[in-house]
Amino acid sequence: MHFKKRPSWDTLKSSDITPESVFNDRRNIIKALGLGAVGASIPGQVQAGIFDLFGENKPSVPFITSPLAFTVNTGFEVNEAKTPFEKVIRHNNFYEFGTDKSDPAENAQDFKVDPWTLVIDGEVDHPITLGLDDLTKMMALEERTYRLRCVEAWSMVIPWVGFPLASLLKKAGLTSKAKYVAFETLFDPEQMPGQKSRLMGGGIHYPYVEGLTIAEAMNDLSFLAVGLYGKSLPPQNGAPIRLVVPWKYGFKSIKSLVRIRVMDKRPPTSWNQLAPQEYGFYANVNPDVDHPRWSQASERRIGEGGLFSAKRIKTLPFNGYEEQVSGLYQGLNLTKNF
Ligand SMILES: Nc1nc2c(c(=O)[nH]1)N[C@H]1C(S)=C(S)[C@@H](COP(=O)(O)O)O[C@H]1N2
Ligand SMILES: [Mo]
């Protein structure tokens, strides 16, 4: 794993990094809006608005990502098309950088991830404070492709690079009081404008926090990602390290982690604190338990079906990971414990 800076993307032409599909998409929407023939006469402002739909205003200082060394874990493949890279890095939820899907890609490019410190403490035998380079030396990186299902009923299929959360927790050693694991995102309002006020940050009380039971955290699916599509994470996806728990709604997969604390009590979690009647602690993907304001029975797969004909697919129990995780919830009422 390398987080060292490489020569800037500035030397690349935009045609080198923008796949054809994006240009085709753009042509299609201009056509769909009946603007094709008059493209040249669109007032500048309107035209900019159209291009904003695609998040194509390239940031002036694109964040540098680096290739990672990893092995592919064939035990974690998804028999569905991967979501195109350009969608994965331009359609994000990361309220610290703004509440629109295109905001994180636009506002996070200057985010500093070097140096970065991650602390593992609480109910552990040996608390660990790590720089990211130390983490690299400790953990073997692997690629796993997982479905990601947002509570807002859209989804993606993403190839992550990282390591199982359990292998890091085992290095710290759990005490007999270890019952839950709490996670915390960096708090730095200077860098993260959404943290300056609850209004700008979508109402969340920052820093963003999340939690798992110890059994969930030790499940083999729970993953700490440091990259996607073979390269270190772009900031909008949670650089330099984020959680990925694919059987749970996306908001559990907390980004840009600075602390992992093992606890004897259930920790507070951000969306649950904000609206407990809408977002539970467990947040397991469940097509049978609707969100109070919308159905969870189906989802829109991002990047498929075109812009005006959203392709909807059935949502699977535990997001398709029932076999691996349903044992964690034996005897638990999943309607009550949503
Ligand atoms: N710190 C932090 N982590 C976060 C969020 C956030 O706003 N802040 N959004 C969550 C939500 S709602 C989702 S769906 C996923 C989205 O991950 P992605 O942008 O990499 O697809 O990140 C999750 N992690
Ligand atoms: Mo989400």
- line: Amide H neighbours of TYR146 at under 5 Å, excluding residues fewer than 5 places away on the same chain, with H built from the backbone geometry, are ILE158, TRP160
query: Near LYS196, which aspartates and glutamates are there with a Cα under 14 Å away, not counting those fewer than 8 places off in the same chain?
result: GLU96, ASP188
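Relative to the present Cα-Cα distance, how much length would full extension add between LYS265 and GLU190 at 0.36 nm per residue of separation?
Contour length minus Cα-Cα distance gives 23.8 nm.
Taking the Cβ-Cβ separation of ASP133 and GLU77 as r and a Förster radius of 30 Å, what is the calculated FRET efficiency to the nearest 0.05? Write out the running numbers ahead of the final one.
Details: r = 29 Å, r/R0 = 0.98.
Efficiency for this residue pair is about 0.55.
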- prompt: Label-point separation (nm) for LYS311 and ASP121, each offset 7 Å from Cα along Cα-to-Cβ?
  reply: 4.7 nm
statement: Listing LEU334, LEU135 by rising number of other beta-carbon atoms within 10 angstrom, fewest first, gives LEU334, LEU135
query: List the chymotrypsin sites (Phe, Trp or Tyr not before Pro) in segment 242-310 that DSSP assigns to loop (not H, G, I, E or B) and whose Cβ has at most 13 other Cβ atoms within 10 Å. Which are they?
result: PHE308
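Determine the shape class of segment 97-224: with a ≥ b ≥ c the square roots of the Cα gyration tensor eigenvalues, call it rounded for a/c under 1.5, and otherwise prolate if a/b is greater than b/c, oblate otherwise. Intermediate values should be presented prior to the final figure.
Details: a/c = 1.60, a/b = 1.44, b/c = 1.11.
Prolate is the answer for segment 97-224, as a/c is 1.5 or above and a/b outweighs b/c.
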query: Taking neighbour counts of Cβ atoms within 10 Å as a proxy for exposure, in what order, fewest first, do GLU323, GLU143, GLU299, GLU106 appear?
result: GLU323, GLU106, GLU143, GLU299
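Which whole-number percent gives the relative contact order of segment 114-215, counting Cα pairs below 8 Å spaced six or more residues apart? Please list the in-between numbers first.
On the way: 121 pairs, mean separation 22.8, N = 102.
Averaging sequence separation for qualifying contacts and normalising by length gives 22 percent for segment 114-215.
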Other-chain or far-sequence residues with amide H under 5 Å of VAL124's (modelled H): THR175
Karplus (6.51, -1.76, 1.60) ³J(HN,Hα), θ = phi - 60°, over segment 153-164, in Hz, Gly and Pro reported as x: 6, 10, 8, 9, 10, 10, x, 8, 10, x, 8, x
statement: segment 242-260 scanned against label point 7 Å out from LEU334 along Cα→C-beta; backbone N under 16 Å for 246-250
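We did not get these values from a lab; they are worked out from the coordinates using the rules stated. The model shown is predicted, which means the values in this text are computed figures rather than measured ones. We place every Cβ from the backbone using ideal geometry, glycine too, and count neighbours over all the protein chains shown.
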